[in-house]
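Below: one structure, written as structure tokens.
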Amino acid sequence: MDRELIDDFGRRVRYVRISVTDRCDFRCVYCMSEDMTFLPRAQVLTLEELATVARAFVELGVEKIRLTGGEPLVRRNIGHLVSEIGALPGLKDFAMTTNGAGLGKHAVALRDAGLQRLNISLDSLDPERFRRLTRTGDLERVLAGIRAARDAGFGRIKLNAVILKGRNDDEVMDLVDFARDEGLDISFIEEMPLGDVSDHSRAETYCSSDEVQDLIEARYPLLPTAESTLGPSRYFRMPDSETRIGFISPHSHNFCASCNRVRVTVEGRLLLCLGNEHSVDLRAVLRRHPGDLDALKEAIVNAMPLKPERHHFTTDGDVQVVRFMNMTGG
Ligand code: SAM
Ligand code: SF4
């Protein structure tokens, strides 16, 4: 490794989330609008360019890569990219976030290609409600995907649930019990003000992690742990189960001081912070200097001083960042 990625606040970047597509087979109400226009192919990084980006980061000391989107499993030949990244020396943790619908088809191939961990989004266990929240999703297919992932040998699968007041906050305990029964971890996420959603008022549906935690603790005592997956989750354990409960609380427990992450959007924009627009166009570097890993690494190192100290999300329902989560790479 030649250089490390350290920002002006002394934070070392060890974790990159790479968005491999802005497209998705779902239209979750908090993530997208119903009518989305997706990017033309020429604006999206090719699989080769994505692999080069991953290699550059790992050579700069990044230890963890998560592929996300959009829905990574709708990107054609995603398995090829997974095997390229899975073979990078120095990468310690290689994960994907998925809506789970494609896992029945892809889980075995992903595991064989070197993917180590999966986060699967699941906001409801009620088929009707699941359909309303995702607009197009089929719960049964996602549950089958979770089983397929487990059968393929993925350990410590983590569920992600965005909790919205009045929509699915009454399902917190059902989701916890499902995770306990199935031997999964689960993180509860506060909704972030990314993109202008028409479905609901975010100010009305805001549900803090502390409220979710109180609901759970009424039945299961939660013991804080120092465990970390390098991500923003704060983890707790229950005395009688292997299941870990995580909270991702951008509003109520600001995690910026320990932020070790950057994101690369599907257009190759290196985003230094989820909640700010500071970015560098890596696609321009890739296309100006094809195959030149050093030029790319230089651009990444030079971007570090742009990483802002913190995000400024509020819960008043205002849109603070205009790009949707599927563009950002959640
Ligand atoms: N399609 C994949 C999935 O749903 O897991 C990966 C991409 S998705 C954008 C990543 C995560 O971001 C999901 O867990 C999703 O629930 C979450 N997410 C999307 N929009 C969000 C928002 N506005 N606030 C908080 N979480 C959001
Ligand atoms: Fe698709 Fe994931 Fe966004 Fe839902 S949260 S619309 S599954 S990208």
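The values are calculated or read from the model by the stated rules, or taken from the named source; none is laboratory data. The model shown is predicted, which means the values in this text are computed figures rather than measured ones. No Cβ is skipped: glycine too gets one built from the backbone with ideal geometry, and neighbour counts run over all protein chains shown. The area values use the complete protein model at the heavy-atom level, side chains included, leaving out ligands, DNA and RNA. Shrake-Rupley method; radii C 1.70, N 1.55, O 1.52, S 1.80 Å.
Values for this structure:
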{"item": "Relative contact order computed over the chain (Cα-Cα under 8 Å; 6+ residues apart), in percent", "result": "23"}
{"item": "Among Gly183, Ile216, Met96 - extreme Cα towards positive end, dipole of the chain, charges at beta-carbon", "result": "Met96"}
{"item": "Residue-by-residue Karplus 3J(HN,Hα) for the range 208-224, coefficients 6.51, -1.76, 1.60, Hz, glycine and proline x", "result": "6, 4, 5, 5, 5, 4, 4, 4, 5, 5, 5, 10, 10, x, 10, 9, x"}
{"item": "Beta bridges by DSSP in the range 1-159, antiparallel share as percent, to the nearest 5", "result": "5"}
{"item": "Highest to lowest packing among 70-82, 127-139, scored as the average C-beta count within 10 Å", "result": "70-82, 127-139"}
{"item": "Under 18 Å between alpha carbons - lysine pairs in the chain that sit 8 or more apart or on different chains", "result": "5"}
{"item": "Centre separation in Å (Cα based) which lies between the range 291-308 and the range 135-174", "result": "36"}
{"item": "Built amide H within the under 5 Å cut-off of Lys165, gap 5+", "result": "Tyr206, Cys207"}
{"item": "Full-stretch length increase - Arg3, Ala257 - with 0.36 nm per residue and alpha-carbon distance subtracted", "result": "89.2 nm"}
{"item": "Label-point gap, in nm, between Asp93 and Thr37 - each point 7 angstrom along Cα→Cβ", "result": "3.8"}
{"item": "Whole-percent carbon and sulfur share, accessible surface of the chain, 1.4 Å", "result": "48"}
{"item": "Amide H contacts under 5 Å for Leu67, placed H, 5+ residues apart", "result": "Ile18, Ala95, Met96, Thr97"}
{"item": "In sequence order, calculated HN-Hα J values of the range 64-74 (Karplus, 6.51, -1.76, 1.60; Hz; x Gly/Pro)", "result": "10, 10, 10, 8, 8, x, x, 9, x, 7, 8"}
{"item": "Local electrostatic count at Leu47 - Lys and Arg +1, Asp and Glu -1, tallied over other residues with Cβ under 10 Å", "result": "-1"}
{"item": "Estimated distance in nm for a label pair at Asp25 and Ser201, the labels positioned 7 Å out from Cα along Cα-to-Cβ", "result": "3.6"}
{"item": "Beta bridges by DSSP in the range 15-328, antiparallel share as percent, to the nearest 5", "result": "25"}
{"item": "Average Cα contact separation per residue, the range 1-151, under 8 Å, 6 or more apart, as relative contact order %", "result": "26"}
{"item": "Whole-number accessible area per residue in Å² for the range 15-328, which is evaluated in the context of all protein chains at 1.4 Å", "result": "41"}
{"item": "Percent of beta bridges antiparallel (DSSP, the range 119-248, rounded to nearest 5)", "result": "35"}
{"item": "FRET E, pair Lys165, Arg141, Förster distance 41 Å, beta-carbon r, rounded to 0.05", "result": "0.90"}
{"item": "For the range 1-108: rounded, prolate or oblate by the Cα gyration tensor [a/c cutoff 1.5]", "result": "prolate"}
{"item": "Rounded D (µm²/s) - the chain, Kirkwood Rh over Cα pairs, Stokes-Einstein at 37 °C, 0.692 mPa s", "result": "164"}
{"item": "For the range 138-253: rounded, prolate or oblate by the Cα gyration tensor [a/c cutoff 1.5]", "result": "oblate"}
{"item": "Cα-projected label distance for Arg129 with Glu242, points at 7 Å along beta-carbon direction, nm", "result": "2.8"}
